[in-house]
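The values are calculated or read from the model by the stated rules, or taken from the named source; none is laboratory data. Values in this document were obtained by computation on a predicted structure and should not be read as measured data. Positions of Cβ are backbone-derived with ideal geometry, glycine not excepted, and every protein chain shown enters the neighbour counts. In case anyone asks, the SASA skips ligands and DNA or RNA and just uses the protein heavy atoms, side chains included. Shrake-Rupley method; radii C 1.70, N 1.55, O 1.52, S 1.80 Å.
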Amino acid sequence: MRLSRYFLPLLKEDPKEAQILSHRLMLRAGMIRQEAAGIYSWLPLGLRVLEEVERITAEELDKAGCVRLLMPTLQPTDLWKESGRYEALGKEMLRFNDRAERELLYSPTCEEMIVNIFRSNVTTYRQLPLNLYQIQWKFRDEVRPRFGVMRGREFLMKDGYSFHMNLEDARREYSAMYDAYHAIFSRLGLTAIAVAADSGAIGGSLSHEFQVLAETGESQVYYDAAFDEIRSGTRVMSGEEMRALYAAADEMHKPETCGLPVDRLRTARGIEVGHIFLLGRKYTDAMQVNVTDAQGKEIRVEMGTYGIGVSRLVGAIIEASHDANGIIWPESVAPFDVGVINLRSGDAACDAASERLTRTLEARGLRVLYDDTDQRGGAKFAGMDLIGLPWQAVVGPRGVAAGQVEVKYRRTGEKTELAEAEAVEMIARRTKEARR
Ligand code: 5CA
């Protein structure tokens, strides 16, 4: 992709409306644009990252046996009257009438609709267990939308719903989702702590929030000091071992009963990137959902629900991975793998070398953003650092004369002068290793 043909509106100044770093960087890097409070356009660079987060989430869920579908953003309100949540959600739920004066809502979550799909199609135990998910836009008329995509009104959520013959099977799936979530966040370059949480308006008997620690997080969490060692990589633990450690959300933390010695208890701010719930029969009782068992007897279905804040994750990744010059994308979600910088656009030799380098990188399956604009070198370097692509390859008159390109790894700043073929080889190999 040639930068001169792309759409990347970078901002030089820090936008005043942004209070936290990830919001500032997303605006400055031309990833998003606010259209109304808590409502954003995703510009091309931001959309690429959003799609990578979506892809990784879907890949891990598919691996765990979940099945993807897509429900509409708009729903009739009738089902919500049946479940009792029509009133419960209050002003957070956006409602309006269509031309036939039928009331619709913009879905804030989808339990009612998925239960309705399930009960119209599944009648016997043979089709259970079943775990259906979607990645779809939600709307919640939050009182205080803030911090950019962190607390939006319109936001992209992965919402999953599972159906079971008994509570034991629902618990097994809850545990499988717990592990799948750790796999997803780890591929996104994040360490999330699963904290015991309150199930709130969604309901159910057991729930965990997945929290990425960051000073700008909106949640307060309490946890065993061992998580700090896991986060820093000095200690490795299985999911099973981690589950045994103490970790609680603010409202669930009981200092008297947590059982941790004071010097092992930590507290920090966290960004809630996921939330899982063992629902039991809350919705299947309200909406009368049964299947027949092997004896032909009617059984009430048990459920679980599992959410991930896909758009929020883009902000959370930036909070976890940046430096003074801008974003540092983990290879797994980077919008492009390499930025090729032509230091003298318009110079025939530099143009030819840059174009050849771009083609060679692309032939190796790498995604390249080629800066062919006529800006000064300094501005090109600053822009590339800001948007945080893992690799930069610089083509200038001196290098061209010597048959070399300068390669920089964004995360460490390490620079190497290499012949074109070697540069391509190294970037391809290391990108492949990191994206595995
Ligand atoms: N139906 C359940 C599980 S699918 C549900 O809606 N859970 S939730 O309310 O906890 O939302 C799931 C995830 O969506 C949260 O963990 C959070 O990461 C994300 N989320 C919730 N509200 C917002 C918001 N206003 N802006 C951005 N992300 C949000």
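Observations
- Qualifying residue in region 43-60 (condition: within 16 Å of the ligand (Cβ to nearest atom), farther than 14 Å from Leu313 by Cα and β-branched (Val, Ile, Thr)): no
- Counted residues, region 361-420 - those being out of contact with any strand residue (DSSP E or B) (no Cβ under 9 Å at 6 or more places or on another chain) and of a type in the set (Phe, Trp, Tyr): 0
- Residues (closer than 22 Å to Leu369 by Cα and either touching a strand residue (DSSP E or B) at 6+ places or on another chain (Cβ under 7 Å) or surrounded by fewer than 18 Cβ atoms within 10 Å (Cβ to Cβ) (or both)) located in region 9-30: Pro9, Leu10, Leu11, Lys12, Leu25, Met26, Ala29
- The single condition from (1) in a strand (DSSP E or B); (2) among the hydrophobic types (A, V, I, L, M, F, W, C); (3) more than 27 Å from Arg33 (Cα to Cα) that Leu369 fails is (3).
- Condition met for Val67 (in the same structural domain as Glu17 (by TED's automatic domain parsing), over 30 Å from Phe336 (Cβ atoms) and among the aliphatic types (A, V, I, L, M)): yes
Condition check ((1) touching a residue at least 60 places away in the same chain (Cβ under 8 Å); (2) farther than 20 Å from Leu279 by Cβ) across all residues:
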{"residue": "Arg48", "(1), (2)": "yes, yes"}
{"residue": "Thr57", "(1), (2)": "yes, yes"}
{"residue": "Glu60", "(1), (2)": "yes, yes"}
{"residue": "Lys63", "(1), (2)": "yes, yes"}
{"residue": "Ala88", "(1), (2)": "yes, no"}
{"residue": "Ala100", "(1), (2)": "no, yes"}
{"residue": "Thr109", "(1), (2)": "yes, no"}
{"residue": "Asn131", "(1), (2)": "yes, no"}
{"residue": "Gln134", "(1), (2)": "yes, no"}
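Residue-wise test of (1) away from the ligand (no atom under 16 Å from the Cβ); (2) part of a strand (DSSP E or B); (3) among the hydroxyl-bearing types (Ser, Thr, Tyr); (4) assigned by TED's automatic domain parsing to the domain that holds Ser238.
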| residue | (1), (2), (3), (4) |
| --- | --- |
| Glu87 | yes, no, no, yes |
| Lys91 | no, no, no, yes |
| Thr109 | no, no, yes, yes |
| Met113 | no, no, no, yes |
| Ile117 | no, no, no, yes |
| Trp137 | no, yes, no, yes |
| Ala170 | no, no, no, yes |
| Ser175 | yes, no, yes, yes |
| His182 | no, no, no, yes |
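- The set of residues from region 360-406 being of a type in the set (D, E, K, R), under 30 Å from the mean Cα position of the chain (by Cα) and over 24 Å from Leu43 (Cα atoms) comprises just one member, Arg364.
- Selection from region 135-186 of residues that are open to solvent by 20 Å² or more (accessible area, probe 1.4 Å) and of a type in the set (S, T, N, Q): Gln136, Asn166, Ser175, Ser186
- Verdict on Thr412 being among the polar types (S, T, N, Q), free of Cβ contacts under 8 Å to residues at least 12 places away in the same chain and in a strand (DSSP E or B): no
- Selection count where residues are more than 12 Å from Phe7 (Cβ to Cβ) and open to solvent by less than 10 Å² (accessible area, probe 1.4 Å), scope region 31-57: 7
- When Ala286, Ala316 are checked against the criterion of being within 16 Å of the ligand (Cβ to nearest atom), touching a Ser or Thr at 6+ places or on another chain (Cβ under 8 Å) and under 30 Å from Asn121 (Cβ atoms), a single residue qualifies: Ala286.
- Residues that are of a type in the set (Val, Ile, Thr) and not in a helix (DSSP H, G or I), drawn from region 34-85: Ile39, Val67, Thr73, Thr77
- Going through (1) open to solvent by 10 Å² or more (accessible area, probe 1.4 Å); (2) in contact with a strand residue (DSSP E or B) (Cβ under 9 Å, 6 or more places away or on another chain); (3) within 16 Å of the ligand (Cβ to nearest atom) one by one, Ala353 falls short only on (3).
- Counting the residues of region 365-395 that are free of Cβ contacts under 8 Å to residues at least 60 places away in the same chain and open to solvent by less than 10 Å² (accessible area, probe 1.4 Å) gives 6.
- Scan of region 396-418 for residues that are open to solvent by less than 20 Å² (accessible area, probe 1.4 Å) and among the β-branched types (Val, Ile, Thr), ordered by number: Val405, Val407
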